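Trainee: Take a look at the following structure, please.
The values are calculated or read from the model by the stated rules, or taken from the named source; none is laboratory data. Just so we're clear, the structure is a prediction, and the values are computed from it rather than from any experiment. Note that we place each Cβ from the backbone using ideal geometry, even for glycine, and neighbour counts take in every protein chain shown.
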Amino acid sequence: MRVLFISDVYFPRVNGVSTSIRTFRTDLAQLGVQTQLVVPCYAHAERAAEPGITRVAAGRVPADPEDRRMRWGALRRTLDQLPAGEFDLVHIHTPFIAHYAGVRYARRARVPCVATYHTFFEEYLHHYVPVLPRALGRVAARHFTRSQCAAVHGLIAPSEPMRAVLTAYGVRTPIHVVPTGLAADRFRAGDGGAFRAAAGIAPARPLVLYVGRVAHEKNIGFLIRTFRRVRERVPEALLVIAGEGPAREALRAQVAALGLHASVEFAGYLERDTALLDCYAAADVFVFASRTETQGLVLLEAMAQGAPVVSTAELGTRSILMPGCGALVVPEETEAFAASVVRVLTDAGLRAGLAARGRAYARTWSSVAMARRMSEIYQQLCAAPRTLRAPA
């Protein structure tokens with residue numbers, strides 16, 4: 001089987017969508033499903049850098065230095081030049097230009113089209129279009145979602161709660177829950193001592209870690225406010241925020257206003273296969289409080305490296321943070337969250353128990369098993385009668 005993947009984001013842009021695409025492509029190849037990926041070009045040198053990937057000329061996105069917007073004409077020409085009958089199915093991963101180009105190509109090629117709903121837009125719009133009233137933004141996001149979902153033959157939701165959201169919107173397209181699993185390389189032991197040495201962090205200093213996009217919707221401001229309470233009881237504690245994003249300067253200002261500049265470090269992007277694993281391994285506790293995750297892969301990555309987790313459980317993270325998973329699940333309440341972080345930092349036995357349970361639990365999220373489920377969905381769609389291949 002040959003599948004055309006198309007996305008508005010991919011590496012070097014680091015986020016959950018990029019990680020999901022790479023993980024599925026690697027594992028699907030082992031199952032005999034070959035994929036061609038069409039994504040934006042972030043730098044001229046990328047044009048022919050990676051087999052199986054076609055980079056399309058792209059421009060900058062206003063007020064967003066990380067992302068690129070594929071040029072419609074260049075994208076259309078790229079897809080039009082693909083040989084007839086080359087692909088059995090189209091898989092769209094983002095809802096912007098890629099969505100409309102992917103639907104157009106699938107209809108012209110008369111092949112099924114499936115889309116993964118990676119992003120909970122209802123909770124994103126008010127951060128990026130602040131002039132839009134929040135209630136109006138929610139109505140717009142739901143209408144936008146229903147319209148796009150109606151244009152494809154099948155939907156992939158990364159978690160059961162995300163499927164419930166789409167169903168509540170009135171989406172009628174069949175929805176399949178297929179999380180992004182953990183690839184085998186995520187279990188390779190990181191070197192926490194090496195990360196601490198490179199960052200100038202004392203070996204015994206209590207380290208609280210957040211990894212992810214540094215964006216407003218990730219609720220990092222809550223983690224910083226909570227960390228101030230943590231330091232009242234563990235004064236030597238350090239909070240490391242690993243990642244980049246548009247909220248970085250606002251969060252730096254918050255850190256300064258709270259007098260935490262000596263206790264909070266912004267580590268920026270870390271190389272996934274080396275420094276990031278070392279960073280996870282260096283942590284005494286991993287903290288997370290996003291309200292918008294459709295899954296929350298970083299929680300599993302932290303568990304795989306033996307980092308005890310303290311997190312809220314909202315939307316997609318509820319499907320990961322199950323009983324016995326090696327995490328303390330707490331409400332988004334400053335005092336309760338801080339108390340749980342302090343418990344982990346000050347109780348070596350608790351840390352060891354959470355770490356052991358987390359490692360074992362993370363291994364149940366095999367990426368190969370998830371890819372096998374995805375392959376089965378592809379086969380079902382391709383076997384459907386041709387009359388089902390023309391969504392309204």
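Trainee: Looking at E236, E232, can you tell me which residue is outside any helix (DSSP H, G or I), closer than 16 Å to A338 by Cβ and acidic (D, E)?
Mentor: The conditions single out E236.
Trainee: A follow-up question, please. If we keep just the residues of region 352-383 that are among the hydroxyl-bearing types (S, T, Y) and in a helix (DSSP H, G or I), which is nearest to the chain's Cα centre (by Cα)?
Mentor: S367
Trainee: Answer with yes or no whether V298 is closer than 23 Å to E160 by Cβ, surrounded by fewer than 18 Cβ atoms within 10 Å (Cβ to Cβ) and not assigned by TED's automatic domain parsing to the domain that holds A157.
Mentor: Values: closer than 23 Å to E160 by Cβ: yes; surrounded by fewer than 18 Cβ atoms within 10 Å (Cβ to Cβ): no; not assigned by TED's automatic domain parsing to the domain that holds A157: yes.
No: the conditions fail for V298.
Trainee: Scan P161, P179 and give me the residue that is at pLDDT below 95 and in a loop (DSSP other than H, G, I, E, B).
Mentor: Just a single option satisfies the conditions, and that option is P179.
Trainee: Report every pair of residues separated by at least 6 positions or lying on different chains whose Cβ atoms are under 7 Å apart, first residue within region 227-244 and free of Cβ contacts under 8 Å to residues at least 60 places away in the same chain, second of a type in the set (D, E).
Mentor: L238/E265; V240/E265
Trainee: While we're on this one: Just name the residue that is surrounded by the fewest Cβ atoms within 10 Å (Cβ to Cβ) out of those in region 2-40 that are in a strand (DSSP E or B) and of a type in the set (V, I, T).
Mentor: Per the criteria, the residue is T35.
Trainee: Can you tell me which residues in region 252-268 are part of a helix (DSSP H, G or I) and buried (at least 18 other Cβ atoms within 10 Å of the Cβ)?
Mentor: Within region 252-268, V255 is the sole residue that qualifies.
Trainee: Out of (1) modelled with pLDDT under 95; (2) part of a loop (DSSP other than H, G, I, E, B), what's the single condition that is false for V111?
Mentor: Result: V111 passes all but (1).
Trainee: Just one of the numbered conditions (1) without any contact (Cβ under 8 Å) to a residue 12 or more places away in the chain; (2) assigned to a helix (DSSP H, G or I) is not true of P65; which one?
Mentor: Here P65 clears every test but (2).
Trainee: Still on this model: Would you confirm whether or not region 269-291 contains a residue that is hydroxyl-bearing (S, T, Y), assigned to a loop (DSSP other than H, G, I, E, B), in contact (Cβ under 8 Å) with a residue 40 or more places away in the chain and closer than 26 Å to G316 by Cα?
Mentor: yes
Trainee: Let me ask something additional. So A151 passes all but one of these: (1) part of a loop (DSSP other than H, G, I, E, B); (2) of a type in the set (A, V, I, L, M, F, W, C); (3) surrounded by fewer than 19 Cβ atoms within 10 Å (Cβ to Cβ). Which condition number does it fail?
Mentor: Result: A151 passes all but (3).
Trainee: Specify which of the listed residues (R104, R134) is basic (K, R), modelled with pLDDT of 95 or more, outside the structural domain of E301 (by TED's automatic domain parsing) and over 23 Å from the mean Cα position of the chain (by Cα).
Mentor: R104
Trainee: I need a count of the residues in region 159-174 that are touching a residue at least 24 places away in the same chain (Cβ under 8 Å) and under 21 Å from the mean Cα position of the chain (by Cα). Even if it seems obvious, please write down each step before you answer.
Mentor: First, pick out the residues of region 159-174 that are touching a residue at least 24 places away in the same chain (Cβ under 8 Å): 159-162, 165-166, 169-171, 173.
Subsequent filtering for residues that are under 21 Å from the mean Cα position of the chain (by Cα) retains 159-162, 165-166.
Final tally of qualifying residues: 6.
Trainee: Here's something else I'd like to know. Being under 19 Å from R188 (Cβ atoms), hydroxyl-bearing (S, T, Y) and out of contact with any His (no Cβ under 8 Å at 6 or more places or on another chain) narrows it down to one residue among T274, T312, T292, T226; which is it?
Mentor: Within the list T274, T312, T292, T226, the selection yields T274.
Trainee: Right, next: Regarding L315, is this residue on the phi > 0 side of the Ramachandran plot, buried (at least 19 other Cβ atoms within 10 Å of the Cβ), assigned by TED's automatic domain parsing to the domain that holds G193 and touching a Ser or Thr at 6+ places or on another chain (Cβ under 8 Å)?
Mentor: yes
Trainee: Within region 269-295, track down each residue that is surrounded by fewer than 24 Cβ atoms within 10 Å (Cβ to Cβ), of a type in the set (A, V, I, L, M) and more than 19 Å from S340 (Cα to Cα).
Mentor: L270, A275, L276, A281
Trainee: Here is a further query. Could you please find all residues in region 280-298 being over 11 Å from P308 (Cα atoms), modelled with pLDDT of 90 or more and of a type in the set (S, T, Y)?
Mentor: Listed by number, the list holds a single entry, S290.
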